[in-house]
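What follows is one structure encoded as structure tokens, with my remarks underneath.
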Amino acid sequence: MTLAEWIMLALRASLFSIVFALGLRATLKDIAYLLARPMLLFKSILSMNIVMLGFALAAAYLFPLPPPLQIALLGLAMAPVPPILTWKQKRADGTSSYAISLCVTASFLAVLLVPLAIALADIVFHADYRMPATRVVPIVLISVIVPLVLGMLVERLAPTIAARIAQPVAISGTVLLILAALPVLFVTLPAVWVLVGRGLLLFLALFTAFGLLVGHVLGGPHTHDRVVLALATGTRHPGVAMAIAAFNFPDEKAAVAVVLMHVFIGALVSIPYLKLVRISVAPAKSLDK
């Protein structure tokens, strides 16, 4: 296997591990959380899949963005919620059931929404974008559905073991994701560095910041729901975004690196937001006591 193949395998393994850890803590009641709350489901889809796609299309149409950045923004806007959301929302006192249900629901809906979003981008830019549902299904199955079901089976059959290994598996998956991303960024550093002066860092940061704002506003009256939707809107599943970029633009290697760079930039931009949420929630908690 080549280095590139090893890196892609490591990325898939990391996402598999993270969702498997999620399954170790999930129940069927968690997954069905959004089905019992249709308005919250509508707001979630509006925030993640409609508003953010509009942001990416507007940025690409109105500004002379370099092709790799344009491709990465569109891919990120079309991709479903990232599995690492559940780890982030736990730190921010988010609703675990909402995060789990959102991860699963968004992944299933991606089979329909990703091809529709690509068709819209095709119309706007008069380009030959394409991503049939048959290409999305394997990504969703491998990265979300299969590891989630396996984790839930372990939780059902051996709950003590599931509780003991959930956190180590989640941490190892996150570390593996970072380790797999670093070689890609290093190899493509010259091409990516050129883009830094052409709005790369600015627009990736704006993507996350705008997503945090939109998600927080549409998340409803409860702070924990706002946190979950804010993080889901501002950060995305890198696997689907990279697949969209690689399938439509195989020669634009830098686009994949830009998607991976957003994993780091999105995490950095989210830190001040999470701190502000904790500060705003702290007085309410003290009053409850």
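What to note about this one:
- Single match in Leu182, Leu153, Leu195, Leu189 (criterion: buried (at least 21 other Cβ atoms within 10 Å of the Cβ) and among the hydrophobic types (A, V, I, L, M, F, W, C)): Leu195
- Selection status of Leu11, modelled with pLDDT of 90 or more, closer than 26 Å to Ile171 by Cβ, part of a helix (DSSP H, G or I) and touching a helix residue (DSSP H, G or I) at 6+ places or on another chain (Cβ under 6 Å): no
- Residues satisfying the stated conditions in segment 153-202, i.e. without any contact (Cβ under 8 Å) to a residue 24 or more places away in the chain and among the hydroxyl-bearing types (Ser, Thr, Tyr): Thr160
- Selection status of Val124, over 15 Å from the mean Cα position of the chain (by Cα) and either surrounded by 15 or more Cβ atoms within 10 Å (Cβ to Cβ) or not in a helix (DSSP H, G or I) (or both): no
- Phe207 at pLDDT 90 or above and on the phi < 0 side of the Ramachandran plot: yes
- Matching entry among Thr235, Thr208, Thr223 (being more than 16 Å from Leu69 (Cβ to Cβ), of a type in the set (Val, Ile, Thr) and buried (at least 20 other Cβ atoms within 10 Å of the Cβ)): Thr235
- Yes/no for Ala26 being over 25 Å from Leu213 (Cα atoms) and part of a loop (DSSP other than H, G, I, E, B): yes
The values are calculated or read from the model by the stated rules, or taken from the named source; none is laboratory data. Everything numeric here is computed off the predicted structure, so don't read it as measured data. Note: ideal-geometry Cβ built from the backbone for every residue, glycine included; neighbour counts use all protein chains shown.
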